[in-house]
Every structure is written in structure tokens, then in C-alpha cells.
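**Q** Attaching a single structure in C-alpha cells format; questions to follow.
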Amino acid sequence: MRVNAPPLISLHSASFGYAERRVVDGVTLSQGPGEVIALLGPNGSGKTTLVKGLLGLSEHLGGEVALFGTPLEQFHDKPRIGYVPQRHSLSASVRATVREIVEIGRLPLRPWWRPANATDSAVVDEALDAVGLRDREREDVAALSGGQQRRVLIARALAAQPDVLVMDEPTAGVDIANQRILAQVLATLAARGTSMLIVTHELAALRDVVTRIVCMDGGHVDFDGSPADYQLGHRGHEPGGGHHHGSPGSVGRSDGLAAIVTDTLPSREAQS
Amino acid sequence: MSDLLALDFMRQALIAAVLVGLAAPLVGAFLVQRRMSLIGDGIGHVALAGVAVGILTGSMPVFTALIAAVAAAVGVELIRATGRTSGDIALAVMFYGGIALGVVLISKSTASSSNLTGYLFGAILTTSRTDIVVFAILAVVVVGVTWVLRHRFFAVANDEEYARAVGLPVMGYNIALSVLTAVTVVVSMRVVGLLLITALMIIPNATAQLVSRSFRSSLAWASLIGLASSVSGVIASFYAETPSGGTIVLLAIGTFLVVSIVSGLVTRARRAAHDRAERHEHEHGPVCGHQAIPHGGHVDYLHDGHRHAPHADHYDEHDAQAHPAPQDTQEVSR
């Protein structure tokens, strides 16, 4: 169907930030259909700002950004990007069932005056099944565990039937057992051909799902390749070895420290 | 009761009570969700300045109050949208500026102090027929608009960032909700009063949270409780010769206290009867291999000869007494 389809996401020396402060600078990146990209990097390296830039939640400060071949500023079909935000808990100010939260995902697809129809309900069922929460659809979301709540947010994004899922730290703060369930959910989605861009610290949990790894540091991409290359290429991250960034605009952390921080990932992976 | 309905002004008062009792909790639900429970109070303060201008210039106080309240409502959202920490102080200046101006202006008019009390605490029995008609139309509009937009208000209040990311006009919905709040405040001004209206917006929702398990049912409960408090409050105030606003709010608070005590006891009893399944990390699902037994609105899973029922974030042991097994699964449960 989409032999000559443009990339889902394409960035060319793109910069993002807040109030003229560049957090992400000169990033070039392109995601094709079916790719599952893990976006790695230490805290403050700009991963979240990059993702928010794609969603219009942080400012686009320069370079070219296109979504599904349309320049970011002219892109209005926002539900095509399924956003799973980084939330440690769902709002508990009022009661809301799992199903009510997932139904929110359908809202942007219909005009304000049209009530939900049978299709909406069927898609919500599917989204709940995809994350294995159909049997808890009537529970109060506040009663669920952190990992289950994360799956509710994934289902909400799936309910919009997006072309790419963009997730911010889906496994952060989730215990190992629930991380495994979450990884299974993501693996099932990947097997169905769902494209994903996953910001994460915990590569280990998602090792089998990811088809490509992009590393960020100080607002720049400093690695982009296959998981296998990452294992090798990563050696180049040893202090003094092969780091070429360090522009004055970067956070000001030394390469050595950044390398140590990023280094913790594969060693943890080796242990598990 | 029939002698009550024979009185013209009581019929008017009861119609107003029904409309206000429905509208206030419905709009209030989203304010509770946004953790802005007290915003109606601030808007009410500004509405008083509008009332004063109306009294002083001899025009209809309802319309001047409406203009002041809606302007304040839009102001609230614009100030909030800037996201500055000083926004809080800006709101305080606006709200207290409003009530101060109102009091000063009314003192310069020929209106008596009982007139001021009527606006602050409600005086449905002295409200003119024209005012009642205007209030009724506005209240129907508020209920209708809130009902149609309820899913969107829910979505925006639940997760503003997500709503923005998927392209919902967040600012538009926030201003719409704020304006609906302002209109509700003005509509309710003669029934409950500017100083008490927030109570009728919030307290029925607090009660509804105790008895409902979904947002949908909490909306229904809040409207029902609001309606009951409002109508019974007007009736009680007629016989007891008390101000309608205070009577309605006291009834709403009484309902809240009774329901919270009862629901506390029920929760404790349920917890004691609640049989939690053994701890296990496995999560049941359609493909987990354990036999699924749909019944009583949920799905149990057969696990090593006993049944697990999903509850909150864990599994309970199947409770055979609470959920007798349907015929076709009888064998399984034995």
C-alpha cells in the first residue's frame, strides 16, 4: 500500500526547546514504517523535548521536521501520532474507569457534537484487548498498579488507531514483573507491524522489541544504528573515544561523565 | 405539598430550584476534576460588582452580573494559561477587587442592605418573574452545552498535555467550561446566592465520588443529589422561614456526611469479606492458558482448581456467595 510512502517521522538538523532555549539541537533522524526505535540517553539529553517537539508540545526552533511527509507546521492530523506520556499516576481527583480513559482516545477523531458509535466502542474493545486490560475495564484507574496504568495510557493512544506510537519512558517506575508484561504488550504490537518511538532508560526490558537504537546526549544524536551495532559502537563511547559533539550549546556535561552515565545501560543488560 | 404548588411564587421557586440543582453539580464535576473547586466563588465575587453596577445604573442587575462574571471567567483562563506563579495573585486581586467594588457601589445606591443579602445568600421568593424566565433559559443552555461537551471536558481535565498533543482545542474547552461556570453562578445567584453557589457545585460531587465507580455514574449521582438538595431546601425554607441558599447547602452537607459515614462502614465490611488470591506475578488474559469464565459482569480465571477474579490491581478469590455461578459454569466452580 505504501511502497513509496514518505518516512513517518523525518528530522533534518532540527532544533527544539522552550522559550528560545535550545534543548535539542541539529538532530537528523528518520523513522520508516514498521521500525521500533529506542531513544536512549541520560537525563537532560533532550529525548523528551524531541518527542514533545513532534507533538507540538515543545517549540520547533529550527531545521526541517516532517511528519508523514507534511512539514510540522502544516501537520494537523495529530491523532496519527499515538502519544503515551510519561505519567507516574493517573489523576485521582475524580473516579474514572479504565474504559472511560481509553475512550478519550477516540474523541479527536469525531466532531464535538457527534456521540460515540458502535465502531468507537469496537476499537476501544480492541485497544483494551491489545494491552490485556479488557477484564479490568470497569475498574477505577486509580486502583491499578503503575504498570497497569501505563498500559491504560497505551490503550488510549491505540484507540485513535495511530500510524506511529510515541512513548515517553513507558517502563520507568514499573516493577520487573509488570515491565515484562509491558514488554510483551509492545512485542505483540511490534509483531503486528506497529511503528514505535520509545524514549527509555531500560533497554533491557525492551531488547527483543527494538529494531533500532538512537542515542542522544547534550541535545545531539550520538549514535544511530541497529541493536547489534549499538553493542559494538558503544565501545566508542569510552572516555575520549570517538565523541565528536560538545558544542557550546550542550548542557555542559563533560564527555567523560556522559559516557559513564550511558555506560550503565549495557552493563545492566549484560547482568540480566 | 399541593397547597405549596398553588402558590404562584412557590411554583417559580421550585422550577428555579430544579434547574439550579441540575446545572450546578454538572458544571462543578469538571471543576472538581480540574482541582479548581473554589473558582466559582471567585467568579461570584466579581459578579457582585456587576450586580452593583446594575442597581446603580437602574439596568437589570442580572445582565450586568452576567457580563462581569463571564469577563472574569475568561480572565481566569487567560491568567492560568500564562502559567506564571504570579497568576495566583492576579486571581486574588481580581476576585477581591470585584467584591470590594460591589460593596462600595451598592452602598452608594438607594438599595437596602437586605437587597445585598439577597444576592449574596439567595432570596428566591423575592425574585421577579422576568428574572426567573431569564434564569430558566440560561440554565437549560448550561445543562445542554455541558452534557454535549462532557466527554471533551473530561478528556481535557484528565490530561491536558495529551489533549493538546492529539489536537483537541484545550484552551477553547477550558474557556467554555469557565464561561459555563460564570453563567451557573449568575443563574444560581437568586436561589443559593453568590457566596454559597460554589457549595452546590462541589458538595454533591464530593458525595457522588463516594458512591460511584465511574465518572459517568458520578455525574448522574451528583445531579441527582444536587436536585434533591435544591428542591427540598426550597420547600424546607418555605416552612421553616429560613433563607433558601443556606438551607439548600446545609441539606447538601448533611447528605454528604450521612453518605460518607455509611460508605465508610460498607467499605470496611467489604474489606473484611474480601478474599485476596495468593500473590502471583502472572497476569491472566485471553491467551494465558487459564480457562476464562465470564460471569456477573466480569471474567474469572480458573487457576489450579480455584477461581481468580480481577479486582483493582490484583486478583480476588472467586466469591461463590456474592456471584452464584451461572448454570453453564456450575461444573467449573465445584
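**Q** Decide, for the protein assembly as shown, between rounded, prolate and oblate: order the square roots of the alpha carbon gyration tensor eigenvalues as a ≥ b ≥ c, take rounded if a/c falls under 1.5, and otherwise choose prolate if a/b is larger than b/c, else oblate.
**A** Because a/c hits 1.5 or more and a/b fails to exceed b/c, the protein assembly as shown counts as oblate.
**Q** Identify which of B:TYR315, B:TYR162, B:TYR96 has the largest mean-square fluctuation in a Gaussian network model of chain B, with springs joining Cα atoms closer than 10 Å.
**A** Largest GNM mean-square fluctuation: B:TYR315.
**Q** Per-residue Cβ counts within 10 Å, from other chains only, averaged over A:143-150: what number is that?
**A** Mean number of neighbouring Cβ atoms from other chains: 2.
**Q** Name the residues whose placed amide hydrogens come within less than 5 Å of the amide hydrogen of B:HIS274, ignoring near sequence neighbours (fewer than 5 apart) on the same chain.
**A** none
**Q** Top mean-square fluctuation among B:PRO294, B:PRO61, B:PRO169, Gaussian network model of chain B, C-alpha springs under 10 Å?
**A** Result: B:PRO294 has the largest fluctuation of those listed.
**Q** In addition: P(r) of the stretch B:65-119 in 10 Å steps, Cα pairs, percent per bin?
**A** Values per bin, smallest distances first: 21, 42, 25, 11, 1.
**Q** Determine the distance separating the Cα centre of the stretch B:94-143 from the Cα centre of the stretch B:160-178; give it in Å without decimals.
**A** Cα centres, the stretch B:94-143 to the stretch B:160-178: 31 Å.
**Q** What is the antiparallel percent of DSSP beta bridges lying wholly in the protein assembly as shown, to the nearest 5?
**A** Percentage antiparallel, nearest 5: 65.
**Q** Could you grab the Rg to Rh ratio for chain B? Cα atoms only, Kirkwood for Rh.
**A** Details: Rg = 24.7 Å, Rh = 22.4 Å.
Value, to two decimals: 1.10.
**Q** If I build a Gaussian network model for chain B, linking alpha-carbon pairs within less than 10 angstrom, which residue out of B:SER223, B:SER178, B:SER109 has the largest mean-square fluctuation?
**A** Greatest mean-square fluctuation among the candidates belongs to B:SER109.
**Q** Need one value for A:132-140: mean number of C-beta atoms belonging to other chains within 10 Å of its residues' C-beta atoms.
**A** Mean partner shielding for this stretch: 6.
**Q** Can you check what the Kirkwood hydrodynamic radius comes to for the stretch A:12-111, Cα pairs only, in Å to one decimal?
**A** 15.6 Å
**Q** A follow-up question, please. Would you please state the base-10 log of I(q)/I(0) at q = 0.13, 0.15, 0.21 1/Å for the stretch B:112-251, with intensities from the Debye formula using one equal scatterer on every alpha carbon?
**A** Debye intensities relative to I(0), on a log10 scale: -0.63, -0.81, -1.31.
Bear in mind that the values in this text are calculations on the coordinates, not laboratory data. In this text, all values refer to a predicted model and were calculated from it rather than measured experimentally. With ideal geometry, Cβ positions are generated from the backbone for all residues, glycine too; neighbour counts draw on all protein chains shown.
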